[in-house]
Structures are given as C-alpha cells and as structure tokens.
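First up is the structure itself, then whatever we jot down about it.
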Amino acid sequence: MLSQGRAGIFGIGSEPARVRVTRLAPQNTLASESIEVVNQLLVNMKASATASIRTSGDDENGPTIDIQGEDSGLLIGKRGETLAAMQFLVNLILGKQGSHPLVVLDVEEYKERRSRSLQAMAARVAERVSASGRPISLEPMPPAERRIIHMALSDHPNVTTESVGAGAMRKVTVFPRKDKPRQGAS
C-alpha cells in the first residue's frame, strides 16, 4: 500500500487510498487449460451447460471440473458413459500438450451420488450373500465403480469380493467368506 488515505470531516479534506496492484500469472495452468477445453467441448456439443473449477488440483491430483446446466442429464448419459467419454476426451486433448495428472469431470456431483448409491447396494448385497451363503454377481461396471464396491466391502466380516470377466463385461462377484467365524462359536 502506497498511502492509506484519510477520511476527512464530512468528506472535506479526504484523500483516497493509493495501492499498487500487480497482475499475477495463474497459479494452475492445467486447471485453466482444462476449463477452456471443457467449455469448448460444451459449445461444440451445443450443450446448455457451463463448467467451473471445483478444485484446482496439485502435482499429483489433477483439477476437478464441475459442469452444471439444463443438459446435465444428457452429459451424464446412461450410467455415466457420456461423462466418462468426455473426461477421456479432455485428458486426451490435454495429453497432447504434455504429461499431466488426470483431469476429473463431474456433472452436478453425479459421481458422489453414484458412489453413495453403489456403497448402499454393496451393503445390501453383502447381507443377502451372508444370509443365503451363495455368491451374487453384480452388473458389469467400469473399473472406478468396481473399486467402490471392493472398498465398501473390504472390511466386511462375512463376505469377500472379486472382479470376474473381461473388458466391458467385467463385474464384481460377492462371495461368502470361507474363513468367517461361526455364529455362537467363541
């Protein structure tokens, strides 16, 4: 600050404060480049939505870009397929400029809602497997969603999980734990 200024009496004799301002370069160029790429994709898709930076990321984790608007359902797609494809495209475009951490796209916190839904489903399936003693296979799902199921049931005392199948048909099967303690045994 060059000068703090003075209030004066009823404005008489007042003096405005004087400050020196220096424009700084953006701290995270990956975040700003990501938002530009996402906005350009939205324009080219003629989607009624806007993108904003939820988190700018760091050296290990890339930025998270949140998309909101009227076309959010279309941007998510069936089980998040369109969203996953957009995220892949953004990272592919940015990857041509050099190596960078993964940029994550989300539409109106869809990924958080989906994660909570998968965790609840995992708990329900675990209880069914525990009660029946028979394994249950879930629907095919992408790796990130399979990981949520595995993590949700990793500490469950009565079941264990395993991914089975190949490619897009890979799914999680929940098995009864063979080494589980018997009821009533000490």
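The values are calculated or read from the model by the stated rules, or taken from the named source; none is laboratory data. This one's a predicted model, so the numbers in the text were calculated from it and none came from an experiment. Here the Cβ is made from the backbone with ideal geometry for all residues, glycine too, and neighbour counts use every protein chain on show.
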Would a scan of segment 95-109 turn up a residue that is in the same structural domain as Gly77 (by TED's automatic domain parsing) and assigned to a helix (DSSP H, G or I)? yes
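Filter segment 77-94 down to residues that are under 24 Å from Met141 (Cα atoms) and either touching a residue at least 60 places away in the same chain (Cβ under 8 Å) or not assigned by TED's automatic domain parsing to the domain that holds Val38 (or both) and give me whichever is surrounded by the most Cβ atoms within 10 Å (Cβ to Cβ).
Only one residue fits best here, namely Gly80.
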So which residues in segment 135-179 are assigned to a loop (DSSP other than H, G, I, E, B), acidic (Asp, Glu) and free of Cβ contacts under 8 Å to residues at least 24 places away in the same chain? Asp155, Asp179
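When segment 55-67 is examined, which residues are found to be in a strand (DSSP E or B) and surrounded by 15 or more Cβ atoms within 10 Å (Cβ to Cβ)? Spell out how you get there, then give the answer.
Filtering segment 55-67 down to residues in a strand (DSSP E or B) leaves 55, 64-67.
Scanning segment 55-67 gives Thr64, Ile65, Asp66, Ile67.
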